[in-house]
Structure formats: structure tokens, C-alpha cells
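Worksheet for the structure shown next.
The values are calculated or read from the model by the stated rules, or taken from the named source; none is laboratory data. If you're wondering where the values come from, they're calculated on a predicted model, not measured in any experiment. Cβ: placed from backbone, ideal geometry, glycine included. Neighbour counts: every protein chain shown.
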Amino acid sequence: MALASLQDAISRLRPGPAAGVSRRDAITAGGLAIAGAAGLTPTMSPPTGIVFGADRSGYRGFHHAAPLAVGLRWYFNRENQFPPAWPEPFPSTHMTLSLRPNPSDLLAGKLDSRLMAIINSAPAHSELTFWHENTTGNPLGYPEDVNNARTARRMQEYGLNLCQGTQVLFGVITAGPVADQVGWMAPDLDWYGDDLYEFARLRGPDNTFSKKKVTARLHQNLHAWQKVTGQEAPAIRICETNSPFNSHRSALFTTIAGFLARHNGNRMLTFWNAKRGLAHGGLDGPWPPSRSVISTLAWLTREHDWKTS
């Protein structure tokens, strides 16, 4: 490629209102495009550190067992229910915050001042999403004005715009096969997340753990995110994960962490709920799990130390 043509390709990939490239991924996207233009095969992203953590039910115990586990998933689950500022229930957490703004109010700008009060008060490493798991199948039973692809994308784009120039990264959280959600995701978000449990379809015969099936789902999800973003290595997250089988948890968490570390995924949050465990037909269970699982989680936080990335 001639130098002038290469420079022109670079200029078209610089962030800007018309560039269509997210602020976080502009440099990566530019590098991949240049590699492609030069006839090179884009390389896999280097191993990355991972912020491990949990929802409020498990955070305190997880962090006590593994001080490097500073990730926290926090929810405000009523429509237009917002805190006056970025919530800080525990000190120095890297929070993934889920809010549910009314779509009409949001897109009309009626919520801007309240949302900006939250966003502008957020510390570093803060991440925000609207209406998590707003996907096909509607697993959380959202109303029709929320649960449709066009509105889902418009709310994501609006949220991303609100977060521009702040310390907050905006993303989307799916559930189920991401390949089924491609039309429900905006293409230029800061990150793409999934709530990935050890669903029955991801297990082996007689409810055995299947690394093959879990890994296949992770690869399928990555391919869907690549299709949405046009990027080889979009920033990805696992925002809830667990298994109802304590004996499967160490293998599940290790499998997911290994995948994230190799594919630009630097946040993995576990979920614990005493009312949804195996005895109740759920997908998780109460904190604490067994000592061996806690030991595995603590080891993973050291093995993928987010401070070194």
C-alpha cells in the first residue's frame, strides 16, 4: 500500500462524530485495519488482567477471601429509579451499574440532568448499562416499549453519548446466545457483556461439566460481538456467572477466565443467591461456596491480576 493511502486509512479511523469508532477501540481498530491493508493477519490481543467480583450478595465475602476482587455488580431495578450520585456501597470498587430509564423520557432528554449527576460523580473504572438482559426471549419480562431491538439500540447509543468525556464506560449486557441478539446491540459501545451461567444446554450428559460446550458458547458469543462491532477484539465482559453445582464452579470459572484473558475481556463478575440455587431450580447458589471454590477464585484473581494489565 502506498504511504499516502495508508495515511488516509489511518485518518478515516480516528475518533470523531462521523468516524463510527468507539473511543476505547479506535486505536485497536486502526491497527487491525492497517494490518489487513498490509496483507497481515491480525494477531490475538495480548493476555489481559481481569477484575473479578460479585453482586452485593457475594462481594463482601469474595473480597475478604481475595482482596484483588474489587468488581461489583449493582442494580436499580425500578424504572426511573436513580441514586443522586454514583453509588459507593463498598470502598474502591470497580462497579458495573445497571439502570432502567424510561425509554421515552430518556430519548427526549428528560433524564439527562439526573443521569449526568450519576455519571459525573463516578470514580475511575466505572461501567454503566441500561436495561440489562434486554434481549430476544425477554427473560426479565420487560414491557414492550423496552423490549424491542430498535429501542434497545437507541437507548444504548444515548447512554454512550452521555458517558463521552467521563470516567464511565457504557456497554450492553445480553443473556442467552449472543448470536440471537446481534440486531439488539449498537455497534460502537465501550464494552459488550453477557450474563453467562452454566445453563442445562451447556452441560454434558447426566449434568456433568462440559468445558467443550462452555468454550463453544464463549466463542460463538465472541463471533457475534465481532460481527456487531466489526472489530477483531472488542472489549468483552462476563457480568454474571455461576453454576448451581458447586462441584462445577472451579472448572467453570477457570474456563471463562482463561477465555477472557485471551480475548480482551477484563471483567468477570460472579452472582450468588440463596433463593435460586439448585434446590430451587436456579442457576447459582448462596455465598460462600466450598473452600475449594473460594481457593480457585482467589488463585484466579492473582493469576489474572488486573493491576498488572
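The set of residues from the stretch 283-309 being small (Gly, Ala, Ser) and either touching a Phe, Trp or Tyr at 6+ places or on another chain (Cβ under 9 Å) or part of a helix (DSSP H, G or I) (or both) comprises GLY285, SER292, SER295, ALA298. Determine whether ASP55 is touching a residue at least 24 places away in the same chain (Cβ under 8 Å), in contact with a Lys or Arg (Cβ under 6 Å, 6 or more places away or on another chain) and either under 26 Å from LEU140 (Cα atoms) or among the acidic types (Asp, Glu) (or both). Against the criterion (touching a residue at least 24 places away in the same chain (Cβ under 8 Å), in contact with a Lys or Arg (Cβ under 6 Å, 6 or more places away or on another chain) and either under 26 Å from LEU140 (Cα atoms) or among the acidic types (Asp, Glu) (or both)), ASP55 qualifies. Quick check: is even one residue across the stretch 94-115 small (Gly, Ala, Ser), under 16 Å from ARG56 (Cβ atoms) and touching a residue at least 24 places away in the same chain (Cβ under 8 Å)? Yes, there is a match, as at least one residue in the stretch 94-115 is small (Gly, Ala, Ser), under 16 Å from ARG56 (Cβ atoms) and touching a residue at least 24 places away in the same chain (Cβ under 8 Å).
Residues of the stretch 66-91 that are under 21 Å from TRP287 (Cα atoms), in a loop (DSSP other than H, G, I, E, B) and among the small types (Gly, Ala, Ser): ALA66, ALA69. Only residues that are out of contact with any helix residue (DSSP H, G or I) (no Cβ under 7 Å at 6 or more places or on another chain) and surrounded by 22 or more Cβ atoms within 10 Å (Cβ to Cβ) were counted across the stretch 147-159, and they come to 2. Taken over the stretch 99-141, residues that are part of a helix (DSSP H, G or I) and not β-branched (Val, Ile, Thr) amount to 12. Looking only at residues of the stretch 95-123 that are closer than 22 Å to TYR142 by Cβ and among the polar types (S, T, N, Q), we find that the one that is surrounded by the most Cβ atoms within 10 Å (Cβ to Cβ) is THR96. Here ALA35 clears all of (1) out of contact with any Ser or Thr (no Cβ under 9 Å at 6 or more places or on another chain); (2) in a helix (DSSP H, G or I); (3) at pLDDT below 95 except the condition numbered (1). Of all the residues in the stretch 209-261, those that are part of a loop (DSSP other than H, G, I, E, B), among the small types (Gly, Ala, Ser) and either in contact with a Phe, Trp or Tyr (Cβ under 9 Å, 6 or more places away or on another chain) or farther than 22 Å from GLY282 by Cα (or both) number 4. Can you pull out every residue in the stretch 209-227 that is out of contact with any strand residue (DSSP E or B) (no Cβ under 9 Å at 6 or more places or on another chain) and among the aromatic types (Phe, Trp, Tyr)? Within the stretch 209-227, just PHE209 meets the criteria. In the set (1) at pLDDT below 95; (2) closer than 20 Å to GLU240 by Cα, the condition left unmet by PRO91 is number (2).
What about ALA69, is it surrounded by fewer than 15 Cβ atoms within 10 Å (Cβ to Cβ), on the phi < 0 side of the Ramachandran plot and of a type in the set (A, V, I, L, M)? No: the conditions fail for ALA69.
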